[in-house]
Every structure is written in structure tokens, then in C-alpha cells.
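Quick notes on the structure that follows.
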Amino acid sequence: MSQYRIFNDEDAIAYVRQAAELGPNMVLQGEEIGDGNLNQVFKVCQPGSAKGFIVKQALPYIRCIGETWPLTRDRARIEAEILLYHGQYSPEYTVAVLHHDAALSAILLEDLTDYQVWRQALLNGQHFADAPVQLGTYLAQVHVHSSDFKLDYQGQRAAQLQFANPELMAISEAVYFVDPFCDHERNNVAPDIRSNAEQLWADSALKVRVARLKHDFRCNGQALLHGDLHTGSVMVAAGQLKVIDAEFGGYGPMGFDVGVMIANLLLNFCSQSTVPQQLLRIKDVQVLWRSYKTQFFQYASQTADAALTEPEYIGALLRQVWQDALGYAGCEMIRRTIGVAHVADIDNMTDPNQKTASQRQALALGRILIMNADKIDDAQLEHTALKHSAQ
């Protein structure tokens, strides 16, 4: 068994050579390419070659903080197993896991050099019209096939145990539903919007809604979630899409994955200075949801459990998933504005006045989504967002 060590370039090369069975005579070069908060990421390839292999290694602590915040290395195993499971049912849209070494907490992944991070593409003003359709299909495939629509009672309970991820999902619970709704030391609040944050912290009605979302996140194990599905964990190319980075995954409410992605598209909406660009983001949200709903209904209708095939039941479930998604989207928008981890869409804005206006808009729209999740359908979302944008 391999002995754990924190990789350098040469360690990553040695791991690739062994895991991919490349042989001792093949010349390889490696470099660290990751800039994430938790892990090391290396690219290993032959000199002069554009494509090779990606090595992701979990560190025994949160990288951006250091050894003062230890974190289980078992997250690498969980991530590999989730990607493999999702890849069974959505291979076209899930990054391929080529090898996993539990002792080294290392994963060998396909190289997506031909792709780019969706968030960066949006920041560059690029539009990938297929991406929302493909992402909706991915989510429907992995949610249905890990739920009671496809698994019997014993099978789903076994899966919930296999993919239990208490340490990282507890972090998610804290940063989504606790820290942003109080004056927590981990929050990152810009001085110009502190008064807006303080209004949220004093909003008892809002906290009641957030408490219900927090409870469902912990207790409602509907499907095997990606757990951190934002525009930074989706890679896009012309007509292609791949989902990466599933280490925060585990069983939870389907609306969480959907809502986090909706929120990140809406955060980009808040950063836009023109109505046409804003409308493009709203359309992305609508297309994503409609793709998810259509594909979910198709896959769920094919279940062997006759009790779950009633169209009215599936329709009612999807309405609840949408309402849940809006609530989780609101939490994500708020936590990405005043919580510990922000998004480049707004943080990288160069005009300080526009940046402050976008932050306030994100907080206000996040609250509206949480408080009115049961009153807004996907068609009304455009009116809700644009009305708030004009205020």
C-alpha cells in the first residue's frame, strides 16, 4: 500500500506513471495548476503535448487556511466514488475518473485542457447556449438514478451509508445556513454593505425560512448530490460540458444542486450592466430548469415502482424541488456576498459603485427568493429579477 505524502511535481509524475501504466521510459513533465481552497491539482503530460492527465490530491487540512483547520483526506475517496457513480448514469457530462488511490488521497482524472471553466467563460462574455440544457440533463440523470425512483429501500439506504460525507457536508451547512445569517467571524462583509448585512441578521422571518432549508439539507436525503455545483465546477467547450469537483457531495435534497447553480447564474446576472446580458442569464436559468424538469419526468416515469409513476405525483415533486431550489439559491446568493467565500463575477468588478450596487442587489434578490419561493415560477423569475435590478 502506498504511504501518504504531500505531492510535489515529481510525486505526481510517479503516480501517473504507475496508475496509467505508462512505463519507465516515457518522458513526463508535471506542474501544479490548481488554485483551489482545499486541494492540490497537477497536470502531467509528455513534453510538447497539450493533453495528459490531471492529478488531484486531498491535503489533511484546508489549504487556504493551513494546518490550523484540519480536514479529512477521506474526501478524495468520496469524491472519486461520487464521480464514478454519477459517471455511470451521465458519462457524457461527468469528468472521467481513471484511477483512485485511497492511501495517497489521490485521484487520476481525464485532462479537460480543451474545455474552460464556465464561470470564466461568462466573465469573458462568452455564451454557451448548450450548457444549461446539458447541465439540466446531467442533474436529472444523477438525481433520479440515485433516488427511490431507481433504488429499492435497501439499495438507497446502503448508498446513503456508502456516500456519507459528514465532515464536508457539515462545513456546507455552516457556510450556507449559519454564518451568513449572523455576525460570524468567518464572514467577509464589505464595509459599504455592512448595514445591509445587519438587516438580514436581524430578520427573524428570514431566519425561520433558512432554518427549514437547513433542516431539509441535513435530513432530506433524496438523491446523491454533487454538493458544490456552481459555474466554477463546470467545464464547457463547444457543444460539450463536464462536471468536476464533487468532494462536497452526499445524500441531500435535490433542490440543493439545482438551487446552487441557479444562484451562480443569478450572481452573474447581478454583475451585468446591460439588460441583454441580464436576460441571457435569466434564460440560462429557465433553460436549465426546463431541461431538468423534462428529463427528470422522463427518467422518473420509467421506474419499476408503480407507486411512484403517477404523473401527478412526479409533477408535485418537481414543483417542490423548484421551490426548494429557489430557497437554496437565495442562501447561496447571500453567502457568496457576505460569507467566507465570494465569487469573481462580483468581486472582480472594477467600478466600486457598481460593485456595491451589485452586492446589494444580490443580497436583496437572495432574500426575495427565500421568502417567496412558493410564489415564483420559472416564467415569473425574469420579472422578479429585472424588477429588483431596476430598484
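Rule-based calculations on the coordinates, nothing more; no lab input. The structure displayed is predicted, hence computed values, not measured ones. Please note: Cβ atoms are built from the backbone with ideal geometry, for glycine as well, and neighbour counts cover all protein chains shown.
Taking 0.36 nm per residue of sequence separation and subtracting the Cα-Cα distance, how much length would be gained by fully extending the chain between K387 and T68, in nm to one decimal?
Roughly 110.4 nm would be gained on extension.
If every alpha-carbon in the stretch 68-210 counts as one equal scatterer, what log10 I(q)/I(0) does Debye give at q = 0.12, 0.16, 0.19 1/Å?
Values returned for q = 0.12, 0.16, 0.19 Å⁻¹ are -0.81, -1.19, -1.22.
Which of rounded, prolate, oblate describes the stretch 180-267, given a ≥ b ≥ c as roots of the alpha-carbon gyration tensor eigenvalues and a/c under 1.5 marking rounded, otherwise prolate only if a/b is larger than b/c?
oblate
What is the fewest-to-most order of K214, K51, K56 by other Cβ atoms lying within 10 Å of their Cβ?
K51, K214, K56
If you build a Gaussian network model of the chain, linking Cα atoms that sit under 10 Å apart, which residue out of L135, L84, L71 swings the most?
Among L135, L84, L71, the largest mean-square fluctuation in the Gaussian network model of the chain belongs to L71.
Based on the Cα gyration tensor of the chain, what are the three equivalent ellipsoid semi-axes, each the root of five times an eigenvalue, rounded to whole Å and given largest first?
Value: 33, 26, 21 Å, ordered largest first.
Which ordering of H127, H100, H143 is given by a fewest-first count of other beta-carbon atoms within 10 Å?
H127, H100, H143
Can you classify the stretch 9-110 as rounded, prolate or oblate using the Cα gyration tensor, where a ≥ b ≥ c are the square roots of its eigenvalues, rounded means a/c under 1.5, and otherwise it's prolate if a/b beats b/c and oblate if not? Display every interim value, and only then the final one.
Details: a/c = 1.83, a/b = 1.20, b/c = 1.53.
Here the stretch 9-110 falls in the oblate category.
Please rank M371, M261, fewest neighbouring Cβ atoms within 10 Å first, as an exposure proxy.
M371, M261
Taking only Cα atoms, what is the 0 to 90° angle, nearest 10, from helix 9-19's long axis to the longest principal axis of the chain?
Helix 9-19 and the main axis of the chain meet at about 80 degrees.
Over the chain, what is the mean sequence separation of C-alpha contacts under 8 Å (at least six apart), divided by residue count, expressed as relative contact order in percent?
Across the chain, relative contact order equals 16 percent.
Which aspartates and glutamates, on any chain, are close to K51 with Cα under 12 Å apart, when same-chain ones fewer than 8 places away are left out?
Counting by Cα, and skipping residues close in sequence, K51 has these aspartates and glutamates nearby: E110, D111, D114.
Against the longest principal axis of the chain, how steep is helix 352-371, in degrees 0 to 90 to the nearest 10, with axes from Cα atoms?
80 degrees
Tilt of helix 275-300 relative to the longest C-alpha principal axis of the chain, in degrees (0 to 90, nearest 10)?
70 degrees
What shape does the stretch 315-379 have by the C-alpha gyration tensor, where a ≥ b ≥ c are the square roots of the eigenvalues, rounded means a/c under 1.5, and otherwise prolate means a/b greater than b/c and oblate the rest?
Prolate, because a/c is 1.5 or more and a/b exceeds b/c.
With the crude spin-label approximation of a point 7 Å out along Cα→Cβ, what separation in nm comes out for V275 versus E110?
Using points 7 Å along Cα→Cβ, the separation is 4.2 nm.
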